[in-house]
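Structure first, commentary second.
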């Protein structure tokens, strides 16, 4: 049983990292444009999740909402446009960091308290992101970096809205279906500027059906058997997997600045995610986000 859960977790985390690799490859090495990529990705994800919900018995109730669907669409389109100019590793780190900072910030605003160790981790993660974005030869382009941070904020909002909404696979399937409507409409409006080729369509479909739809379903299956803090720390591997795959598959460079900033961001998030052994105060310290997708 433990081996099965470990395998499911590894497969899901690899799928999340694959989203960055597939997007970067499609948007820089094929003719597909970001709007078409996003529409195909979301529709393919909706179809995969619908099939899973349709043929997997025992799922609890759960429905998506337009607010969550629009947050999902916002994440997906910003993610695609940003990856026109960012490396896979830089994009994954900015996305992951923005998601986690958004969720921790919301927890603080709603009354959660952090231990001194968690505050140090939160400050370290923020400092790592700021350092990565400071002007210099190794800094990512500011506009695409800002778009990816905005994508991370949108995904953080989506995650917060989805909590407690019912079975996560069914809710995600519903939200993907709703999000496909604005994605297809906007792609249709700008169809005169669309650019497509077979490889780009294939990569976009793989990003939606396999890395997103199937990846989320596998992750939710694994989450039933692992602790929240364990899940949060496991997600730290996603930017690392992305960086290694970016070097090996896309021949992307890893700068010293990216490596050190990444270590600060991921190390800081780890300090926030893992609860200490102190006795819990009347208001419990915020736990690491249960969700999943940073993906």
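Rule-based calculations on the coordinates, nothing more; no lab input. Just so you know, these numbers come straight off a predicted model, no measurement behind them. Heads up, the Cβs are rebuilt from the backbone with ideal geometry, glycines too, and the neighbour counts pull from every protein chain shown.
Quick check on packing: order 36-43, 241-248 by the mean number of other C-beta atoms within 10 Å, highest mean leading.
Details: 36-43: 27.9, 241-248: 19.5.
My ranking of the peptides, most packed first, is 36-43, 241-248.
For every helix of n ≥ 4 consecutive DSSP H residues, a contribution of -39,500 (n - 2.57) applies; sum these over the chain, divide by its total residues, and give [θ] at 222 nm rounded to the nearest 500 deg cm²/dmol. The partial results should precede the final answer.
On the way: 12 runs with 207 residues, N = 295.
About -23500 deg cm²/dmol.
Give, in nm to one decimal, the length gained when the segment between residue 51 and residue 250 is fully stretched (0.36 nm per residue of separation minus the Cα-Cα distance). Walk me through the numbers before you get to the answer.
Values: separation 199, 0.36 × 199 = 71.64 nm, distance 3.16 nm.
My answer for the length gained is 68.5 nm.
Full-extension gain between residue 127 and residue 66, please, as 0.36 nm times their residue separation minus the C-alpha to C-alpha distance. Don't jump to the answer; show the numbers that get you there.
Details: separation 61, 0.36 × 61 = 21.96 nm, distance 3.42 nm.
18.5 nm is the gain from fully extending residue 127 to residue 66.
With each pseudo-label sitting 7 Å past Cα toward Cβ, what's the residue 84-residue 263 distance in nm, one decimal?
3.5
Sort 255-267, 101-113 by packing, meaning the average of other beta carbons within 10 Å per residue, with the highest value first.
Values: 255-267: 18.0, 101-113: 16.0.
Final packing ranking: 255-267, 101-113.
Modelled label-to-label distance, residue 2 and residue 163, 7 Å Cα→beta-carbon offset: nm?
According to this spin-label approximation, the distance is 3.0 nm.
List the relative contact order of segment 2-273 as a percent without decimals, with contacts defined as Cα pairs under 8 Å and 6+ residues apart.
Details: 416 pairs, mean separation 119.4, N = 272.
Taking the mean separation of contacting Cα pairs over the length of segment 2-273, I get 44 percent.
Going by the alpha-carbon gyration tensor, a ≥ b ≥ c the square roots of its eigenvalues, is segment 50-145 rounded (a/c under 1.5) or, if a/c is not under 1.5, prolate (a/b greater than b/c) versus oblate? Please list the in-between numbers first.
Working: a/c = 2.61, a/b = 1.34, b/c = 1.95.
Verdict is oblate for segment 50-145.
In nm, to one decimal, how far is the residue 274 label point from the residue 10 one, both placed 7 Å along Cα→Cβ?
2.1
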